[in-house]
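Beneath this line is the structure, given in structure tokens, with notes to follow.
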Amino acid sequence: MKVPMKWLKEYVDINMPAEEYASKMVMTGTAVEGVEKTGAQFDKVVVGYVVSCVDHPNSDHLHICMVDVGEAEPIQIICGAPNVRAGMRVAAALDGAHLPGGKIKKGKMRGEVSCGMLCSGPELDVPAGLYPHIGDEGIIEIFEEVEPGTDVKEVFGLGDDIVDFEILANRPDCLSVWGLARESSAVLEEHFVMPEIAVEESGAGSFDDYAKVEVLDDEACPRYCARVITDVKIGPSPKWMREYLYGAGVRPINNIVDITNFVMLETGHPMHAFDLSKVKDQTIVVRRARPGERLTTLDGKTHVLDESMLVIADRENATGLAGIMGGEESEIVNDTASVLFECAAFERANNRVTARKLGIRTEASGRFEKGVCPDTAMEALERACMLVNMLECGKVVPGAFDHYPNPHEPVEIDAEVGRICRRIGVDVPGEAMEDILNRLYIDTTLIDGKLLHCEVPAFRQDMETEADVSEEVLRMYGYDHIPSTLMNGVTMAGRRNPAMAFSDRVKDALVGMGLYEVLNYSFISPKWIDSLGLPEDDVRRSAVTLRNPLGEDTSVMRTSLVPSMLNTVANNLNRGNADGKLFELSKVFEPAEKAGELPTERRALCLSAFGEGVDFFTMKNIVVWLLAKFGVTARIEAAGDAYYHPGRKAVMTVDGAKIAALGEIHPDVAEKFGIGNKRVYLAEIDLDALMPLEKDFYGVKPLPKFPSVSRDIAVVVDEGVGAGTMMDAIRKAAAKTLEDVRLFDIYRGEKLGKGKKSVAYAITLRAPDRTLTDEEINGTMDKVLKALKEFGAELRG
């Protein structure tokens with residue numbers, strides 16, 4: 001918050017340079033971002049009096065002016081402004097002056113010497129709201145009776161020090177000039193002098209004769225105050241008010257609007273002024289918005305509201321967003337004759353959520369989000385009416401509306417002196433604590449030298465417990481009193497938890513197989529999920545929706561890694577990367593079963609492979625080898641989701657539980673993700689299911705002492721018989737003498753017949769304690785053949 005030092009000094013004596021003052025405030029806990037001066041954009045610009053003005057002999061638009069700038073003799077300045085004339089006071093930039101547009105130097109223009117420049121408002125970067133001028137159409141005319149040679153900064157109200165405070169969320173009372181002046185008085189041990197507020201009421205009737213107010217939501221609007229001003233005269237604000245607003249970074253507009261902004265900055269209470277003639281039936285209603293209700297705000301934007309948002313309305317429509325921005329319909333204009341001043345306290349959470357939903361951020365909303373004290377709302381409203389009297393811009397109607405059904409309960413805190421000292425690590429006498437707290441306007445009494453009884457003022461909404469009292473004591477007593485001590489503590493070595501370590505091993509295994517890791521956002525577009533073609537009742541369609549997404553493309557949390565991986569593959573292909581093997585290890589999110597609970601997070605792994613030489617079996621081998629790395633053997637079956645190719649997909653199970661799925665992406669899905677006719681193979685692995693299956697020690701066996709025997713067997717079966725299913729039957733039939741079985745060929749041809757295929761296995765037999773005899777070998781192979789015949793298999797000739 002930017003505050004002019006001149007404004008602060010109206011309420012507290014500050015007899016030191018602005019930089020020193022800022023340092024003291026920082027050391028007592030009020031952050032300062034910087035100190036700057038208004039008018040620093042130019043120098044060596046003084047008030048000049050145009051003694052004479054004649055046309056330039058060598059130009060049809062330039063003038064030769066003799067200008068009194070407070071020196072012994074007038075100086076000659078060439079000027080092309082159409083409004084320059086003898087007898088006017090102007091802003092004259094002297095030789096060597098620095099302006100926003102550059103440096104002014106003495107020189108010749110069309111053969112005539114020019115010793116400076118007569119300036120317009122934009123050339124000095126002085127807004128018309130601060131000092132009236134005609135902009136680029138001519139030079140500034142100074143109407144005040146000031147001596148030539150006077151620095152124009154004095155005339156324009158510039159040259160004051162501006163302190164830029166950084167007010168944190170726990171001190172909303174300091175988001176005001178009064179609050180900072182009050183804080184400054186405690187820091188500097190000076191008196192804080194509040195202005196005496198007195199309102200002169202005039203006119204016939206009372207508030208109820210001009211307006212009616214209804215508050216329908218006491219929770220979202222704990223206090224609402226209003227007063228009516230009649231016989232309004234819209235015009236510019238006085239120079240002193242424009243100076244203060246400009247220094248605080250607020251653009252002066254007109255006297256009524258400037259009063260509301262001035263009061264907001266001075267008291268911390270945002271205000272709003274309604275043109276009563278534009279409020280239907282002169283009735284203000286504070287209510288929740290209707291679903292789908294529309295409101296056009298002062299910035300010209302139309303917003304669609306919902307029932308969670310608090311609005312200020314008339315009998316029919318919303319006329320403003322409570323605590324955020326007024327509506328266009330009730331805006332103050334030049335012919336406004338009667339005004340309703342609003343000063344209220346709105347619930348901070350509702351205000352913040354509404355502002356974020358609509359993407360609006362204003363000075364008012366920022367203050368309401370941090371918290372506005374309801375107790376001082378009427379005081380701020382009375383200050384605004386007092387300013388109306390001072391500026392003579394209207395008549396204050398007798399009476400006011402004040403809805404405050406649940407007044408703030410006073411907060412009292414009892415704090416032990418000894419416990420405060422132990423908490424802050426500094427021995428502070430009880431008397432010093434009492435003095436500090438009373439300087440902070442916390443009415444405090446020291447009882448028996450041991451107990452502090454504190455009555456917290458309403459504007460200190462941040463103070464609730466003894467810890468808050470301790471903080472106030474320490475920051476005012478001085479952080480430099482904390483004794484220096486060596487660090488004391490035990491440093492514990494960190495380590496990866498089991499889940500993280502398992503993920504690391506998975507990544508190492510995949511990188512060892514030549515895959516590259518990719519990382520994607522957990523937020524995706526719901527259109528991506530739709531593009532997978534999942535059934536309507538699939539749980540992956542129930543994504544967690546973000547309340548305030550950056551955009552539609554990142555509006556839901558992903559329930560599967562597949563869409564992100566397909567998008568990554570498409571980006572690689574579209575950028576000329578024709579082949580690759582990628583993986584992503586991350587979390588997927590499922591909605592919570594009960595309202596208010598966090599989403600369920602699951603660890604998942606997605607693999608992809610594309611390019612020349614890559615097929616279904618490439619991906620299958622990667623998955624099989626990965627599972628083998630952790631000592632897991634899975635059963636493979638022909639099945640899978642609809643986004644896989646119907647003839648090139650499989651799932652892998654362990655004891656009937658699905659652990660992985662793999663296959664080629666369906667051409668239709670590939671087309672939706674911009675992959676085109678390229679074949680892409682994916683695999684999905686449930687890491688939460690895989691981790692418990694990992695075997696700690698599984699790969700070492702004694703070297704065999706006896707020879708093995710290898711036999712190949714090829715059988716012809718129906719196309720629908722799974723090779724993996726038959727392999728399981730072989731393992732079961734061969735029993736203990738089986739060392740290994742491997743599928744090495746699948747053949748289809750006309751000689752086998754339609755709907756038939758040949759499947760060939762390599763079988764290795766070995767006994768750990770003897771050499772197998774021919775009888776044992778033949779017996780085992782007979783058992784294998786018998787088991788295969790149950791699938792309708794016939795030995796291939």
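Extents of segment 119-172, taken as max minus min of Cα coordinates on every principal axis and listed largest first, are 48, 25, 15 Å.
Counting only the Cα atoms, the chain fills a convex hull of 297 Å³ per residue. Give the shape of segment 413-566 as rounded, prolate or oblate, defined through the alpha-carbon gyration tensor: a ≥ b ≥ c are the square roots of its eigenvalues, a/c under 1.5 means rounded, and otherwise the shape is prolate if a/b is larger than b/c and oblate if not. Note, shape of segment 413-566 comes out prolate. Computed from the C-alpha gyration tensor, the three semi-axes of the ellipsoid equivalent to segment 542-599 are 29, 14, 7 Å, from longest to shortest.
So what's the back-of-envelope 222 nm ellipticity for the chain, counting only DSSP H runs of four-plus at -39500 (n - 2.57) apiece and dividing by all residues, rounded to 500? Computed mean residue ellipticity for the chain: -7500 deg cm²/dmol. Placing a label point 7 Å from the Cα of VAL490 along the Cα-to-Cβ line, no residue of segment 388-428 has its backbone N under 20 Å from it.
Where a ≥ b ≥ c are the square roots of the eigenvalues of the C-alpha gyration tensor, would you call segment 597-719 rounded, which needs a/c under 1.5, or, failing that, prolate if a/b is larger than b/c, or oblate?
Oblate shape, in that a/c is at least 1.5 and b/c is the bigger or equal ratio.
In a simple Cβ point-charge model (Lys, Arg +1; Asp, Glu -1; nothing else charged), segment 526-604 has a dipole of about 260 debye relative to its Cα centre. In the chain, a dipole from Cβ-located charges (positive for Lys and Arg, negative for Asp and Glu) runs towards its positive end, and of PRO127, LEU310, TRP625 it is TRP625 whose Cα lies farthest in that direction. At an R0 of 35 angstrom, the distance between the Cβ atoms of HIS98 and GLU190 translates into a FRET efficiency of 0.45. Look at the Cα gyration tensor of segment 494-581: its axes a ≥ b ≥ c give a/c of at least 1.5 with a/b at or below b/c, and that counts as oblate. Here the scattering of segment 176-218 is modelled by Debye summation over its C-alpha atoms, one equal scatterer each and no solvent; at q = 0.17, 0.25, 0.27 Å⁻¹ the log10 of I(q)/I(0) is -0.71, -0.88, -0.95.
Overall shape of segment 164-252 was characterised from the C-alpha gyration tensor. The equivalent ellipsoid obtained from it has semi-axes of 31, 22, 16 Å, in decreasing order.
For segment 269-282, backbone phi angles converted through the Karplus equation (6.51, -1.76, 1.60; θ = phi - 60°) give residue-by-residue couplings of 9, x, 10, 9, 10, 9, 6, 4, 5, 9, 8, 4, 6, 6 Hz, Gly and Pro being listed as x.
Counting every pair of alpha carbons in segment 339-445, the share spaced more than 20 Å apart comes to 64 percent.
Maximal additional length on extending the GLU73-ARG419 stretch stands at 117.1 nm, based on 0.36 nm per residue less the C-alpha distance.
Given R₀ = 25 Å, what would the calculated FRET efficiency be for GLU637 paired with GLU517, taking r from the Cβ atoms and rounding to 0.05?
Computed FRET efficiency for GLU637 and GLU517: 0.30.
The packing ranking of peptides 111-121, 72-82, 717-727, highest mean first, is 111-121, 72-82, 717-727, where packing means the average number of other beta carbon atoms within 10 angstrom of each residue. At 20 °C and 1.002 mPa s, grab the translational diffusion coefficient of segment 1-62 from Stokes-Einstein with a Kirkwood Rh over Cα pairs, rounded to a whole number in µm² per second. Stokes-Einstein gives a translational diffusion coefficient of 133 µm²/s. With N as its number of residues, segment 666-782 has a Cα radius of gyration that, divided by 2.2 N^0.38 Å, comes to 1.51. When only C-alpha pairs under 8 Å and at least 6 residues apart count, what is the relative contact order of the chain, in percent? Contact order relative to length: 8 percent. Taking packing as the residue-averaged number of other Cβ atoms within 10 angstrom, the listed peptides 686-695, 439-448 run from highest to lowest as 439-448, 686-695. You can think of it this way: the chain between ALA499 and ALA337 has 51.2 nm of extra reach, that is 0.36 nm per residue less the Cα-Cα gap.
From Cα pairs below 8 angstrom and at least 6 apart in sequence, can you work out the relative contact order of segment 72-218, rounded to a whole percent? Answer for segment 72-218 is 17 percent.
Between ASP538 and ASN317, what FRET efficiency follows from the Cβ-Cβ distance if R0 is 45 Å, with the result rounded to 0.05? With a Förster radius of 45 Å, E is 0.55.
Eigenvalues of the alpha-carbon gyration tensor of segment 437-514, scaled by 5 and square-rooted, set the equivalent ellipsoid semi-axes at 53, 18, 12 angstrom, largest first.
Between VAL654 and LYS751, the contour length at 0.36 nm per residue exceeds the alpha carbon distance by 31.2 nm. The alpha carbon convex hull volume per residue for segment 16-146 rounds to 141 Å³. In segment 296-364, inverting the average of 1/r over every pair of distinct C-alpha atoms gives 12.9 Å as the Kirkwood radius. Site pair GLU597 and GLU392 shows an inter-label distance of 7.1 nm when each label is modelled 7 Å from Cα along Cα→Cβ.
Each reported figure results from applying straightforward, stated rules to the coordinates on display, with no laboratory input. None of the values given here were measured: they were computed from a predicted structure. As a convention, Cβ positions derive from the backbone with ideal geometry for all residues, glycine included, and neighbour counts pool all protein chains shown.
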